[in-house]
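No value in this document is a laboratory result; all are computed from the given coordinates. Because the structure is predicted, anything quoted here is derived from the model rather than measured. In this analysis, Cβ positions are derived from the backbone assuming ideal geometry, glycine residues included, and neighbour counts consider all displayed protein chains.
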Amino acid sequence: MTDDIEKEIEFLILILQKFNMNNLENENVIVADELSKTFLAAKNRVVEAVKKVSFSVGKGEIFGLLGPNGAGKTTLLRMIATIITPSEGECFIDGKRSDIDPQGARRDIGFLSGNTRLYGRLSARELLKYFGRLYSMEEDKINRRIEELVELLDMGEFIDRKCESFSTGQTQRVSIARVILHDPAVLILDEPTLGLDIMTSRTILDFILEAKNRGHSIIYSTHYMTEAELLCDRIGFIYDGSILALGPKEQIYGETGTSNLKDAFLKLADDADIAKGEVAV
Amino acid sequence: MNTKVILTILKKELLETLRDKRTLIAMIGIPIVLYPLLFLGVAQVAVHEQVKLQKQNSRVALVGDSSEIIKGWLAETEKVEIVETESAEQDLKNGDVDVIVKIESDIDETLLDNKTVAIKLDYDNTVPRSQKATNRLGKAIREKSAELLNQRLEKQGLDKEFSQPLRTEVNDIAPPAKTTGSMLGRILPMLMIIMLGVGAFYPAVDLTAGEKERGTFETLLSTPAAKSEIVCGKFLAVFVLAMITAMLNLASMGLTISSQVSMMAGAEGQGVGGLDISSLQISFGNIMVFFIVLLPLAFFICSVMMGIAMLARNFKEAQNYINPFYMMIVLPAMYASMPGVELNATTQLIPITNVALLFKKMLIGEFVAQEVIMVLLSTVFFAALALVGAVAIFQREDVILSQEKGMPFTLNRKAFVPSLRPTMGLSFAMFPIAMLLSFYVGQYLQTCDFVSGVILTQYGLYAGLPIAILIYIKVNVKETLSLKMPKVSDVIVVPFIALASIVLVNLYAGLQGKFIEVPEAFEEMMQVIFDKHNLGVLIFVVAVTPAICEEILARGIIMAGLKGRMPDWATILLVGMMFGAMHMVISNIIPTALLGMVIAYLVLRTGSIFVGMLFHFINNGFSVLAEKKALPEGLMIFLENIEKSQGGMVLLVGVAVIVFVVCVVVIEAGHRKKLTVKS
């Protein structure tokens, strides 16, 4: 009888944790629980792009998502950002279950990827106002926030110019401004420094660290291992749709017997291929 | 749905679109600048040429012995100049002479004998000055002829009425407004629909496929705006822009044409060619009705265009997708402009045609409120259906985030990457290609010789050519054509569902026959064909061949590009409609489309084209046997008795409905089982 009650209590605690109703004990802002995504390809072939991926990101934490092209990073990030729905599994954003309340979840997310570009025929100011309105922000608040962001990201020179005339660096700064305009609890950043010069990259990286210090929960996906080593509190290696390793970088070094993320990743990928029998011995 | 979000998206889309130079030129530049310029330019040139012609003398060469008498007749005719020439024919060819008058008989002698003088006028129909000269001479000769007739009658002591035992007086009771309305009714509705299409075309492509290509779609999807709100915002923008473009185009065209007609009609206010714009009185109420019906029509056109454009991956591909639809919306409008086509219980329900016919009636002031309501309801229904379709397409992740590359626009085979099935653009393109080839080549071949013509058209144009294209562009033929053996249970179901469909579609065709008659010429032609050939030949040509070739084209190549890329119901509907349209005879279009939809459903669910071929063969074979009276005697008697008895007919239809439903249930069960096994 006592066992049954204990089991029931454990189950209730688990439920409360998932819905983030017990914030005193659980600071996880992002919870991905066995997320899977399957696509129907040609010849009715089922392709598993993401396979039962679980992880969580706490408040003020930067979670690095690393993996090669085609590993399933973008699909996973799109699921967390509620742009696509998972085939299986659940995702919670600041306590909101993304499949039940996707709009509510999106209010707490700032999503930036190579596929989230800017409207070329609008000026940066018009674009930020447009997104502010889509996030149901008050006009005064939008204007105030834009002025803050102009200063923060040094956009004074080009804020009233059309986005189609921007350099890569200016585009990325406006994109960052668009992402944090509504001050979301969660930032999902997919390769934010790709193609940028060192100076702009540094501005972006500084901004990410500041965002972490302000308590934002960040998922940071990149190809640059040095950036990940510098920024991320915890790392998740994704390969062929599955997470191969998850934890603080020191833990991963220990588990793989390496001293940097690049070697750790190569080791994990090789091991995975051998396990699948894809590498000729 | 949050209206604030919808309006925010609408405003942004309008702002962005109006900042695009291409849109501004297409929307405002063309109607405001081009039409007046074009019409004024054309009118100026036409007036200038007309004045020049009026001023010029007509140069007439006389050939024959009676030249002097003719000279005398023409002496008082204005602007006619007799020219001396040695080679009249050559001079006419060179343009030195405008008309040659040839008289071979002796005029005086012939007239004295009370006979007719034959006057031959040689002229060049392609030269305006020559035409003018012939008109002037013709008028002068008619006047002279009347004068000579009067002289003859006087000589005989007869009254003028002697030469005219019968006289007709044609009295057009239609007021000028009705005549003008009737003439405008043939062009204006079609123009209106074309203008709506023109207006919706660019924004529909730019706001969907254009946005995908620019990579901003995902940015929008990452906001709290719901997909339905995004579709509504974008749709409203397309709608507003289409209406503005259509109104600007029509207003500009209308003003330009009416000012030109007024100018050409002159100070007396006479109409030009029976067209008297000033007589047309359209009340404010009529204009309001016009707009009320126009709104759902614009809704329908914009939704379909947006839904289609959404399926494309980029701007260019979207243009390719929309072009066939654009052609398809013109066809019902053209049908409405044909003489004899009127608003009735059937045409009220045909989208686009119904609105065009209502406009036509409105322009002659003969519409009734009940018709307006019916047209409005039917158009709203189709508009809602189209919008639901657009929203359904927008919900599909694979469609809205699709970043696959389209088919390369080249003839270089090396540029094509092997693929399992054709792109949607290619499938859509196959339809007009087949239609055009069938119209220009197929009809000609079948007129020369029916049997060989059908065989060449079917195996060559419907099956051979499309398969050759697939092979050339490296598309997997087996996968595209669904060349898969069907399950035994599916094969067993086909004869039942085919016979049930034949009964139901024939019932519909009978009802439709009350409104749309089968063209007599078509019936006669079919009768001749059936009389001429024996049963074996007809079974091969009319049943076996289309069952193979038309299925390869419709349920093979065309359907392969659509299935999986749009909802199944949309695939079935589109394939059926295209299949119906391919048959070209108006009375056959809807019944064939309905059968086409059933076959599309069967092939889609069973995954085997052979199921479609079997159905098609049974349907066509049944028609051949019935026409040749070769059905089993018992069945023939049964069918005849059923036709005579109303109760028997109801029973037959009832049984057909039950059989049809049972077959669908069996097919669905098999399909679900297949899905379960796969998952």
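Among B:Lys234/B:Lys414; A:Lys162/B:Lys474; A:Lys51/B:Lys234; B:Lys120/B:Lys160; A:Lys276/B:Lys487, which pairs are too far apart, with a Cα-Cα distance over 32 Å? Table pairs above 32 Å Cα-Cα are B:Lys234/B:Lys414; A:Lys162/B:Lys474; A:Lys51/B:Lys234; A:Lys276/B:Lys487.
A helix-only calculation puts the protein assembly as shown at -19000 deg cm²/dmol for mean residue ellipticity at 222 nm, using -39500 (n - 2.57) for each DSSP H run of at least four residues, averaged over all residues. Taking every C-alpha pair closer than 8 Å and separated by at least 6 residues, the mean separation divided by the residue count of chain A gives a relative contact order of 22 percent. A simple packing score, the average count of other Cβ atoms within 10 Å per residue, orders the peptides B:231-239, B:9-17, B:218-226, B:624-632 as B:231-239, B:218-226, B:9-17, B:624-632, with the highest score first. Once the Cα atoms are used to define both axes, helix A:168-180 deviates from the longest principal axis of chain A by about 70 degrees.
Expressed in Å, the radius of gyration and Dmax of the Cα atoms of chain B are 32.5, 106. The dipole here belongs to the range B:56-161: it is taken about the Cα centre, uses +1 on the Cβ of Lys and Arg and -1 on the Cβ of Asp and Glu, and is about 500 debye. Dipole orientation for the protein assembly as shown: of the candidates B:Gln348, B:Gly453, B:Ile6, B:Ile6 has the Cα lying most toward the positive pole (charges on Cβ; Lys, Arg +1; Asp, Glu -1). Summing +1 for each Lys or Arg and -1 for each Asp or Glu among the other residues whose beta-carbon sits under 11 angstrom from that of B:Ile572 gives +2. A Cβ-based charge dipole, computed about the Cα centre of chain B with Lys and Arg at +1 and Asp and Glu at -1, lands at about 3560 debye. If you bin all the Cα-Cα distances of the range B:15-111 at 5 Å, starting from zero, the percentages per bin are 2, 11, 13, 12, 11, 8, 6, 6, 5, 6, 5, 5, 4, 3, 2, 1, 0, 0.
Between the residues B:Val666, B:Ile586, B:Ala498, the greatest Cα displacement towards the positive end of the dipole of the range B:480-678, with unit charges on the Cβ of Lys, Arg, Asp and Glu, is found for B:Val666. Calculated on the alpha-carbon coordinates, the convex hull of the range A:91-204 measures out at 106 cubic angstrom per residue.
The listed peptides B:376-388, B:79-91, ordered by packing as a protection proxy, come out as B:376-388, B:79-91 (highest mean of other Cβ atoms within 10 Å first). For B:Lys360, the lysines whose Cα comes closer than 18 Å to its Cα, not counting residues fewer than 8 places off in the same chain, are B:Lys178. Within the shell defined by Cβ-Cβ distances under 11 Å, the residues around B:Tyr202 carry a net charge of -1, with Lys and Arg each +1 and Asp and Glu each -1.
3J(HN,Hα) couplings calculated from phi for the range A:107-122 with the Karplus curve 6.51 cos²θ - 1.76 cosθ + 1.60 (θ = phi - 60°) are, in sequence order, 4, 9, 10, x, 10, 10, 8, x, 9, 9, 8, 9, 7, x, 8, 9 Hz; Gly and Pro show x. Helix B:227-265 against the longest principal axis of chain B: what's the angle in degrees, Cα atoms only, rounded to the nearest 10? Once rounded, the angle reads 10 degrees. For the listed residue pairs A:Lys52/A:Lys262; A:Lys73/B:Lys484; B:Lys11/B:Lys316; A:Lys37/B:Lys484; B:Lys12/B:Lys361, the alpha carbons are over 31 angstrom apart in A:Lys73/B:Lys484; B:Lys12/B:Lys361.
In the range B:547-679, what is the count of Lys pairs whose alpha carbons are under 27 Å apart, counting only pairs at least 8 residues apart or on separate chains?
5
Scaled to the globular estimate 2.2 N^0.38 Å, the Cα spread of the range B:80-163, given as radius of gyration, is 1.34. Since only A:Leu127, A:Ala228, A:Gly60 are under comparison, the one whose Cα sits farthest along the positive direction of the charge dipole of chain A, derived from C-beta charges on Lys, Arg, Asp and Glu, is A:Leu127.
In this structure the amide hydrogen of A:Ile84, modeled in the peptide plane, comes within under 5 Å of the amide hydrogens of A:Met79, none closer than 5 places in sequence on its chain.
Contact order for chain B, expressed relative to its length and based on alpha carbon pairs under 8 Å spaced 6+ residues apart, stands at 12 percent. The distance between label points at B:Ile469 and B:Ser258 comes to 4.5 nm (points 7 Å beyond Cα on the Cα→Cβ vector). Annotation for the range A:96-205: GluC sites (Glu not before Pro) lying in DSSP loop with at most 13 further Cβ atoms inside 10 Å of their Cβ are A:Glu138, A:Glu157. Between 0 and 90 degrees, the angle of helix B:369-394 with respect to the longest Cα principal axis of chain B falls at about 50 degrees. What shape does the protein assembly as shown take by its C-alpha gyration tensor, where a ≥ b ≥ c are the square roots of the eigenvalues and a/c under 1.5 counts as rounded, a/b above b/c as prolate, and the rest as oblate? Prolate, since a/c reaches 1.5 and a/b exceeds b/c.
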